Amino acid sequence: MLPHMLPFYFAVHPDFFGKYPKEREVNENSLKRLNGYLENLQKPGSRSVQPMKLTFYLRNTKYSSKVQPELLSSGFRSVSFTLHTNDVLSTVMDVLTSCSLPMEHMKGLTASKAASKSPTETGKPFYRTIKWDKSYYTFTGFKDPEQELQQAQRAEPTLSVWLRNNEPEATKKHDASLPRREELNRLKRELCRRFNLTDIRWQRSWGVSHRYCQLQSLSRLSHQNPEALINLQGHTVVFADQSGMDASGHVMLGTMDVHHQWTKLFEQLPGYHSLQQQTHWLKERISLLLGGTQVVHMDRLGPVQPIAEHYSSLNTFHKRLMSHHLRLHPRSLQGLTMLLENDRSNPSLHEMGHFIIPIKCDLPTLQVFLQNHAPEARRRIQRKNQLQAEEEAVVKLCLETLSLRSLSKEPSVSPAQMIQCCERLLEQRSPHMQGLQICVSHFYSVMQDGDLCVPWDCKS
């Protein structure tokens, strides 16, 4: 970490966005690309890099400027900028300036910049990043920043140029992965049929080979000890970072755990079912006390909330509601939804129409907030439903018109952004897209199994 970018890291680091998967993923991807940009500047003989567009969500910290741009409904502010710098110091200053962060601590460095052409010539490395082995990214499912850097170094090409240059590599990787893909799908269908599973999913974007190995491990356990998997019937299984049950009731199998730990979890599932029933009861009681507002949990990629933690939050909030007498009509907020949070002090309304309610917020203030913002919440929900319907229609049109094998998006891409991207793809109608698997993201990349990532705002 660059010490002079500490204010920036405090404002954007993904670990501070645990409850906001969209903002967390955007910051994580942009931070990797920024680190790659800085790393490339320090490579011997490499002093000219291509411009790089970055987007970050910033939270308010003690370093934040007193004059702040308008905040988003999530409580963060969005900043987009393009780097054109050719040295580390200028890059740091450009980032801090673009994010309206303090620059006072940089005065000494800017004064000595002319006397030192590069940080490495002084004998003190100005920046250093961890170099992981390639197998680390294959195993964890994280994106390789060096691979992303190589893509970014080719500048921001038009979509047609990038597809023409990368389609052969994507097709080769996809064809090589076909046998394993087919075996993965067969094994998934077999396990779902044998144990009446609702679905099998993955928390991270692991590659085909890694997902296949996880299914093989579960399949071996099912043959060695079939009785152990009986309690899984009717559940959705998610291969994740830890074992347990999440707030949505899905059974999580930790990919680093051994069969003994999985078996122990299966034996504990009846106890989890009891906790799940208590959780549903608490949600119903809270809904009755808050005019019909439903407590929901966003089942998206990001930090997983265990069901025990979810129950604890519901129980605490319910007890606080019972100790007050809020005057809300039983059906006045019917059809609205809310998320409970532990780390906020004031309620807010998300851009997608759901309320974000702190567990320990002032309850009389909450009543006024819900009543005043209910009409706007309904308007945003209506808009969200309209966008989702438009998104489904334009994705279907792209698949049929462009003969794509698949078209998906990362969770951080909004329906409005997905619609814009699909319309751009339809306008482009590149012959190089036929038969490809495309994922709409925030950057260009060829994944290890041949999937193509394209930015939602790619150039036509």
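Observations on the structure shown:
- In the complete set of protein chains, residue-level accessible area for residue 381 is approximately 30 Å², probe 1.4 angstrom.
- Element breakdown for the range 274-415 at a 1.4 angstrom probe: carbon and sulfur atoms account for 51% of the accessible area.
- With 31 Å as the limit on Cα-Cα distance, the pairs of 264/360; 22/396; 173/409 that go past it are 264/360.
- In the range 144-296, Cα pairs under 8 Å separated by at least six residues give a relative contact order of 15 percent.
- Going by accessible surface with a 1.4 Å probe and the largest first, 423, 392 read 392, 423.
- Global form of the range 291-389, assessed from the alpha-carbon gyration tensor, a/c cut-off 1.5: oblate
- For residue 341, residues with placed amide H under 5 Å, excluding near neighbours: 357, 359
The values are calculated or read from the model by the stated rules, or taken from the named source; none is laboratory data. Source: prediction; values computed, not measured. Note: areas computed on protein heavy atoms with side chains; ligands, DNA, RNA excluded. Shrake-Rupley method; radii C 1.70, N 1.55, O 1.52, S 1.80 Å.
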